[in-house]
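All remarks here apply to the structure that follows.
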Amino acid sequence: MISQLNQIPLFSPVLYERASYIQNPSFISLRFLSVRSSSLAHSADVSRVSRVTRTEAQEALFDYLHCTRNFNFMDAEHISKNCPYFVQNLLSEIDTEKDIPRELTRFFHYHPINEFEPFFESLGLRPSELPLLLPRDSMFLSDNSSMLQNFHVLCDYGIPHSKIGRMYLEAKEIFGYDKGVMSLKLRAYEKLGLSRPTVIKLVSCYPLLLVGGVNSEFVKVLQKLRELGIENDWFRGYITSSNTCNWKRMTDTMDFLQDVGFREEQMRSLLKTSPSLLLEGSGKRVYALFGRLLKLGLEMNEICFMFKQNPKILSRKFSQNLLQAVDFLFGIGMPIEDIADIVSKHIEFLGSSTLKGPKTVCKELKVRRDHLCQIIKEDPLGVLWLASKLKNKSSEQISCPSPSKHLEKSSFLVRLGYAENSDEMTKALKKFRGRGDQLQERFDCLVQAGLDCNVVADIIKRAPMVLNQSKDVIEKKIDCLINYLGYPLESVVAFPTYLCYDMERINLRFSMYAWLREKGAAKPMLKLSTLLACSDSRFLKYFVDVHPEGPAMWETLKSSSVSS
């Protein structure tokens with residue numbers, strides 16, 4: 001392990017690799033006509049299409065998939081609403097000045113579409129990714145029954161459609177499993193003691209876990225965390241698809257920290273306060289930091305003591321600041337032994353401060369680099385304080401209209417899983433309305449209703465507008481869902497936007513749906529999204545006009561809604 005650390009250079013340049021896309025338009029079969037998928041690789045400007053035109057095209061595509069191709073209602077609805085580039089290309093094939101539904105119906109009659117194109121796009125894949133995924137000898141989804149079957153298993157389990165495309169891209173083989181295999185693999189992870197929401201998050205971020213048997217290296221990580229007293233579902237609040245996980249390196253990292261002297265309680269506290277230590281780079285930061293300090297000439301036992309005394313050194317922000325400070329000192333030409341001395345004596349300050357660049361500091365202090373190096377040796381803290389950005393931050397906070405409220409909201413978002421001072425945090429602060437204590441009260445309201453706190457955190461990240469409503473409104477909608485509509489609370493996990501619709505729309509549409517069910521004209525327990533998210537015209541077509549007495553009943557319900 002130490003020999004590996006010694007291979008880490010003093011400077012850690014970041015290398016960027018240019019991504020290259022191989023486009024192969026030869027997948028287009030000559031046996032049929034379809035919307036040309038090669039055009040999907042271009043950035044179609046979907047914003048130029050009016051909302052009315054786009055809606056009409058989506059409804060025509062829905063009718064084709066549902067009525068002509070016999071897709072089930074929910075699949076046809078999801079595909080038609082979530083393939084904007086495909087719809088854009090459909091519109092380019094017809095005269096949009098004429099009756100769009102009629103023109104598209106005629107187009108579909110003579111030009112059957114390649115159904116894999118809108119299907120894959122609706123699963124969150126970019127148009128540029130499609131050419132290599134489309135089958136060469138098939139255009140109908142029904143030709144690949146195993147893929148559809150496994151897709152439905154994942155959907156029914158609770159995995160969002162938008163994640164399934166990435167799963168297909170990274171682990172295509174899992175969509176070829178025989179009937180029942182996928183369900184067994186998902187249940188195998190639940191048998192490890194993981195809750196269903198955690199399994200959903202894990203396999204959607206790391207679909208390779210579903211390839212072969214239960215991943216033995218992942219099991220070791222789980223066992224190691226249990227030994228430290230960390231609950232099974234700890235992962236869920238922190239893992240993201242942007243981070244690749246090397247499970248073996250995670251266990252090696254935990255073993256390494258224990259080998260250098262971290263006690264169980266220190267490890268538990270470290271991982272709970274800095275989960276990114278393991279989940280960003282699978283522990284790579286630990287080795288990078290130890291290696292850099294060893295290269296400075298610090299002794300191993302000295303580094304271990306330093307880290308045991310102050311475990312926060314391993315947190316992401318602290319380690320970034322520390323390594324930046326080391327690079328700063330190298331940048332002004334300071335000898336390595338002097339850098340080691342400053343780091344060992346002032347590591348707390350170096351990790352807590354973000355330094356400006358050497359060029360900026362020299363310009364502000366009006367000194368050369370060699371002179372700056374000398375004065376830092378004489379007065380490290382004084383000069384490094386001048387070189388830090390903390391001064392500017394304090395003056396910025398004075399102009400903030402309510403710093404304490406801002407900090408309250410930031411603290412709430414950190415507890416929700418947002419990284420401090422990140423772009424994601426900045427965007428989130430703009431999305432959430434209310435003080436931190438108000439947001440926490442609304443969050444707690446959902447937990448008290450019976451949802452796991454990690455599930456609520458995931459819901460809020462997917463639909464931040466849920467917390468922009470008062471506690472009373474949220475409670476009223478939950479009560480309506482369970483006691484009036486008869487749906488389980490878990491329904492909001494799949495469709496959190498339910499909590500954002502106004503009560504009038506909810507009551508009106510579900511009253512109509514309940515009436516249809518009594519008449520035997522509608523399936524029981526349709527998804528919330530199917531009833532609430534569709535347009536008014538779509539609802540009228542499929543939930544009002546489907547029964548001879550439907551229009552009259554709909555008018556009665558609307559009248560009673562207005563009068564109340």
| said: Given an 8 Å cut-off on Cα distances and at least 6 residues of separation, report the relative contact order of the chain as a percent. | reply: 8 percent
| query | Taking the Cα atoms only, what angle lies between the long axis of helix 300-309 and the longest principal axis of the chain, rounded to 10 degrees? | reply | 60 degrees
| query | At a 1.4 Å probe radius, carbon and sulfur cover how many percent of the accessible area of the chain? | reply | 51 percent
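Compute the signed sum of charges (Lys and Arg +1, Asp and Glu -1) over the other residues within less than 12 Å, Cβ to Cβ, of Leu298.
Values: positive: Arg292, Lys295, Lys345; negative: Glu299, Glu302, Glu337, Asp341.
Result for the neighbourhood of Leu298: -1.
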| remark: At 10 °C and 1.306 mPa s, the Stokes-Einstein diffusion coefficient in µm²/s for the range 506-563, with hydrodynamic radius from the Kirkwood sum on alpha carbon pairs, is 139 µm²/s
| task | Give, to the nearest whole percent, the P(r) tail of the range 51-210 beyond 22 angstrom, counting all Cα pairs. | result | 45 percent
| note | Surpassing 23 Å at the alpha-carbon level, of the pairs Lys431/Lys527; Lys201/Lys248; Lys191/Lys220; Lys185/Lys220; Lys201/Lys272, are Lys431/Lys527
| query | Angle between the Cα long axis of helix 453-462 and the longest principal axis of the chain, 0 to 90 degrees, nearest 10? | reply | 70 degrees
| task | Considering Cα pairs under 8 angstrom that are at least six residues apart, work out the relative contact order of the range 506-563 and quote it in whole percent. | result | 43 percent
| note | Contact order relative to length for the range 150-215, counting C-alpha pairs under 8 Å separated by 6 or more residues, stands in percent at 41 percent
| field | Helix 161-170 axis, angle to the chain major axis (alpha carbon atoms, nearest 10°) | value | 60 degrees
| said: Counting only Cα atoms, I'd like the Rg/Rh figure for the range 315-390, Kirkwood definition for Rh. | reply: 0.92
| query | Tell me, what HN-Hα J-couplings in whole Hz come from the Karplus equation 6.51 cos²θ - 1.76 cosθ + 1.60 at θ = phi - 60° for each residue of the range 131-140, using x for Gly and Pro? | reply | x, 7, 9, 5, x, 7, 10, 8, 10, 10
| field | Whole-number accessible area per residue in Å² for the chain, which is evaluated in the context of all protein chains at 1.4 Å | value | 51 Å²
| Could you work out the helix-only [θ] at 222 nm for the chain, with each DSSP H run of four or more residues adding -39,500 (n - 2.57) and the total divided by the number of residues, to the nearest 500 deg cm²/dmol? | -17000 deg cm²/dmol
| task | For every other residue with a beta carbon closer than 10 angstrom to the beta carbon of Cys445, add +1 if it is Lys or Arg and -1 if Asp or Glu, then tell me the sum. | result | -2
| remark: Under the Karplus relation with 6.51, -1.76 and 1.60 and θ = phi - 60°, whole-Hz ³J(HN,Hα) for the range 63-73, x at Gly and Pro, equal 4, 5, 5, 7, 8, 8, 9, 6, 5, 5, 3
| remark: Here P(r) for the range 423-564, Cα-Cα distances in 10 Å bins, as whole percents, is 10, 38, 29, 17, 5, 0
| Once Rh for the range 68-133 is found with the Kirkwood sum over Cα pairs, what is the Stokes-Einstein diffusion coefficient at 37 °C and 0.692 mPa s, in µm²/s? | 257 µm²/s
| query | How many percent of the alpha carbon pairs in the range 405-500 exceed a separation of 17 Å? | reply | 46 percent
| How big is the Kirkwood radius of the range 257-335, worked out from every pair of different alpha carbons and given in Å to one decimal? | 13.2 Å
| With θ set to phi - 60° and the Karplus curve 6.51 cos²θ - 1.76 cosθ + 1.60, what are the ³J(HN,Hα) couplings of the range 182-193 in order, to the nearest whole Hz, using x for Gly and Pro? | 4, 4, 5, 5, 5, 5, 4, 6, 5, 5, 6, x
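The values are calculated or read from the model by the stated rules, or taken from the named source; none is laboratory data. Computed from a prediction, not measured in an experiment: that's the story for all the values here. Note that each Cβ is placed from the backbone with ideal geometry, even for glycine, and that neighbours are counted across all protein chains shown. Side chains are part of the model used for accessible areas, which takes the heavy atoms of the whole protein and leaves out ligands, DNA and RNA. Shrake-Rupley method; radii C 1.70, N 1.55, O 1.52, S 1.80 Å.
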